[in-house]
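Please read the structure below before turning to the comments.
The values are calculated or read from the model by the stated rules, or taken from the named source; none is laboratory data. Computed from a predicted structure; not experimentally measured. Cβ sites come from the backbone with ideal geometry, for glycine too, and all protein chains shown count toward neighbours. Accessible surface is based on the protein model in full, side chains and every heavy atom, while ligands, DNA and RNA are left aside. Shrake-Rupley method; radii C 1.70, N 1.55, O 1.52, S 1.80 Å.
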Amino acid sequence: LMLNPNAEQLAQKTCAACEGGVPKLSPDEVARLLIAIDGWKLTHDGQRIRREWRVKDFATGVEFLDRVAQIAEDEWHHPDLHLEGFRNVWIEIWTHAIGGLSENDFILAAKNDRLAGDATGHSQRFQKVIGSPARSPNNGN
């Protein structure tokens, strides 16, 4: 586990195979890694990390989640992916085998952020996907 990594350092790493038997990260380790991945928040139970985005339209959300899914397959670390209310995308990540957070979760989050912020090779429509936090489906947006 790196001491005080930044997002780019995490994104350059590869998820390690995890079949269980690895301890969950301590609250201090989680707090330190959470600082590196801007926009991600710990869920209320402290066992997952989550990020939300508001996308331009439904098709853009599907395209973004498809790219996230490809990263997940490449890393063999699979998050929960959601598209709600037409334009609200959110991802939750945790290490299923240990029922909590591992460094892999923060590596995957950093890779997803790099994808979200990377304008190279994406259509103008896709470039506008990311950046705005999602709004509650109950606010009429």
TODO: From the list GLU52, GLU103, pick out the single residue that is over 22 Å from ALA16 (Cα atoms) and surrounded by 17 or more Cβ atoms within 10 Å (Cβ to Cβ).
DONE: GLU52
TODO: Would you tally the residues in region 13-49 being open to solvent by 50 Å² or more (accessible area, probe 1.4 Å) and under 15 Å from the mean Cα position of the chain (by Cα)?
DONE: 8
TODO: State whether the residues of region 60-71 include one that is under 16 Å from ARG114 (Cα atoms), at pLDDT below 90 and open to solvent by 50 Å² or more (accessible area, probe 1.4 Å).
DONE: no
Open item on the list: Which count do you get for residues in region 1-44 that are acidic (Asp, Glu) and farther than 14 Å from ILE98 by Cβ?
Closed with: 3
Task: Lone unmet requirement of (1) farther than 16 Å from ALA7 by Cβ; (2) in contact with a strand residue (DSSP E or B) (Cβ under 9 Å, 6 or more places away or on another chain) for GLY39 - done: (1)
- [ ] Give region 7-56 a look and list any residue that's farther than 14 Å from LEU108 by Cβ, of a type in the set (Gly, Ala, Ser) and modelled with pLDDT under 85, or say none.
- [x] GLY20, GLY21
Open item on the list: All but one of (1) closer than 16 Å to LEU115 by Cα; (2) crowded, with 17+ Cβ neighbours inside 10 Å hold for PRO5; state the number of the condition that does not hold.
Closed with: (1)
- [ ] List every residue pair whose Cβ atoms lie under 7 Å apart, where the two residues are 6 or more positions apart in sequence or sit on different chains, the first residue falls within region 68-88 and is assigned to a helix (DSSP H, G or I), and the second residue, located anywhere, is open to solvent by less than 50 Å² (accessible area, probe 1.4 Å) and of a type in the set (S, T, N, Q).
- [x] VAL68/ASN112; ILE71/ASN112
- [ ] Kindly indicate the residue of region 83-100 that is open to solvent by 20 Å² or more (accessible area, probe 1.4 Å) and within 14 Å of CYS15 (Cα to Cα) and also nearest to the chain's Cα centre (by Cα) among those meeting that condition.
- [x] TRP94
- [ ] Quick one: count up the residues across region 10-27 that are in a helix (DSSP H, G or I) and touching a residue at least 40 places away in the same chain (Cβ under 8 Å).
- [x] 2
TODO: Starting from residues that are out of contact with any Leu (no Cβ under 8 Å at 6 or more places or on another chain) and not in a loop (DSSP other than H, G, I, E, B), keep the ones in region 28-40 and report whichever is farthest from ILE91 (Cα to Cα).
DONE: ASP28
